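Beneath this line is the structure, given in structure tokens, with notes to follow.
Readers should treat all values here as calculations from the given coordinates under stated rules, not as data from a laboratory. A quick note: this is a predicted structure, and the numbers were derived from the prediction, not measured. Neighbour counts are summed over all protein chains in view; Cβ atoms, including those assigned to glycine, are modelled from backbone coordinates with ideal geometry.
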Amino acid sequence: MDKKTGLFSWKLHGDGKTLKAGEVVAPDERLSWPRTTGIGLQHIVAMFGATFLVPLLTGFSPATTLFFSAISTMLFLLITRNKVPSYLGSSFAFIAPILAAKAGGLGVAVFGILCTGVLLALIGLLIIKVGPSWIDKVMPPAVTGTIVALIGFNLAPAAYNNFIVSPVTALVTLISILLLSALSKGMLGRLNILIGVIIGYIVAVFRNEVDFTAVNNAAWFGLPDFVTPVVDFSVLLMFLPVVLVLIAENIGHVKSVATMTGKNLDNYIGWALFSDGLGTTLAGMGGGSGTTTYAENIGVMAATKVYSTAAYWVAGCGALLLSLCPKFGAAVATVPGGVLGGATILLYGMIGMLGVRIWVENRVDFSQPINITTAAVPLVIGIANFTWIIGDSQLNGIALGSLAALAIYHLVYYLNKWRGIENGTGALDKAPLQPNAEGEGATQSHDSQ
């Protein structure tokens, strides 16, 4: 990593007030502190909807999740030495294994998150040692796209179960999100899910679907409710495949930031993975959801042209303060099932389609048997949620589908190589995905999501 003195010293960009045409504020620069604070607050708003939807869907404490999200973000900035601007929020990839593991209690679920974080951190350290090039060989776009897609589509029954709680409220929420997405530009369009949930929430209040008892009883200030992990190795087979998604998300984020800032950040890929792994490990130790880099916040940077890590420190500190207000967390937890049902129909579908986007943007050729079989079998396994019970352990659709994608691809690849047949993977762009015109990371699997 590059040496840098004054970790918390950011150069003032220009006069600190304005940006000329074509200018950007680099990660080691900042605008005036009032403007930097304003942009930091935008980052809080951008991450808010997705970060809170995960605990609402899984039964985790919103305040605890926000607490570890803030801690993880600040750790990420420290470890990457303020070179990679990023907010670490709740990863949607954890929803399905958490829902499956919750049968044994929240402690069992957070143990799975903890172990996933440890594995991701170890992979980060390995990449720091040997470099990131081997990831493309182990996880080519045909495999990565399949895993992301099946995680989204596997959650379809969960979306339906929330939807039928209150179909009217769910429809209002879904239609509001769709209209905001279609008719609004800029920041309003980027916050379509959050605003749609607020509209649905207001409708739910008028329909007497919201209980404010917990809000009235909650204190204004206090620590979040922490959960102690309960060791249960049988859940690991459900959680560990999530590491593959987190790797793709982090690499996509680093590559996106590098493209937008014009800086080569490949040397920070390992550190990014290690940082996210450490943050997820801490979350698993205390009852927060696993974290990942957020595409929504890339959208804020693309819109403002401000990539200053100072703004992310403002966001991390602001999120930490909010997490220490139990009344705020209790208010978030009152969002009813109908609202969640309307939002998750779109969210889970978008996760699935992000997998398709990975295939498209990497030009994966599905006329080649190696690619079509890699996608076809795992997707059916994931969507149908196949299960395989081995003693006390159970492999669910995501775990089985992920393992199938890896096994099928590499089996066919080496069989073809042994037979002297050209594999024709169709992954013409072997580098990790670059951002689209709006600057959003191509491999993100959640959030705007």
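Overview of results
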quantity	calculated
Estimated dipole of region 73-203 in Debye, rounded to 20 [Cβ of Lys and Arg +1, of Asp and Glu -1, Cα centre]	320
Karplus-derived HN-Hα couplings along region 365-373 (A = 6.51, B = -1.76, C = 1.60, θ = phi - 60°), whole Hz, x at Gly and Pro	8, 7, 7, 8, x, 4, 7, 5, 6
Furthest towards positive pole of dipole, 132, 421, 167, structure part the chain, Cβ charges	132
Mean separation of Cα contacts under 8 Å (6+ apart) over length of region 129-252, as relative contact order %	25
Chain lengthening between residue 20 and residue 161 when straightened (0.36 nm per residue, less Cα-Cα)	45.7 nm
DSSP beta bridges in the chain [antiparallel fraction, %, rounded to 5]	65
Relative contact order (%) - criterion: Cα under 8 Å, at least six apart; region: region 253-411	11
Debye, to nearest 20: dipole size of the chain, +1 on Lys, Arg Cβ, -1 on Asp, Glu Cβ	760
Gain on full stretching of the segment that runs from residue 78 to residue 356 - 0.36 nm per residue minus C-alpha separation	96.7 nm
Full-stretch length increase - residue 220, residue 33 - with 0.36 nm per residue and alpha-carbon distance subtracted	64.5 nm
Distant-in-sequence amide H partners of residue 88 (H built 1.01 Å from N, under 5 Å)	73
Relative contact order of region 31-419, defined on C-alpha pairs under 8 angstrom at six or more residues apart (%)	36
Packing rank of 255-264, 219-228, 168-177, where each peptide gets the mean count of other beta carbons within 10 Å, highest leading	168-177, 255-264, 219-228
In Å, descending, principal axis extents of the Cα set of the chain	66, 53, 45
HN-Hα J in Hz across region 397-409 - Karplus 6.51, -1.76, 1.60, θ = phi - 60°, x for Gly and Pro	x, 5, 5, 5, x, 5, 5, 5, 4, 5, 5, 5, 4
Rounded FRET efficiency, nearest 0.05, which uses the C-beta distance separating residue 317 from residue 228 and R0 of 22 Å	0.25
Exposure proxy order (Cβ contacts within 10 Å, fewest to most) of 56, 347, 41	41, 56, 347
Filter on 20/305; 20/255; 11/255; 137/263; 129/305; 17/255 - keep pairs with C-alpha separation over 22 Å	20/255; 11/255; 137/263; 129/305; 17/255
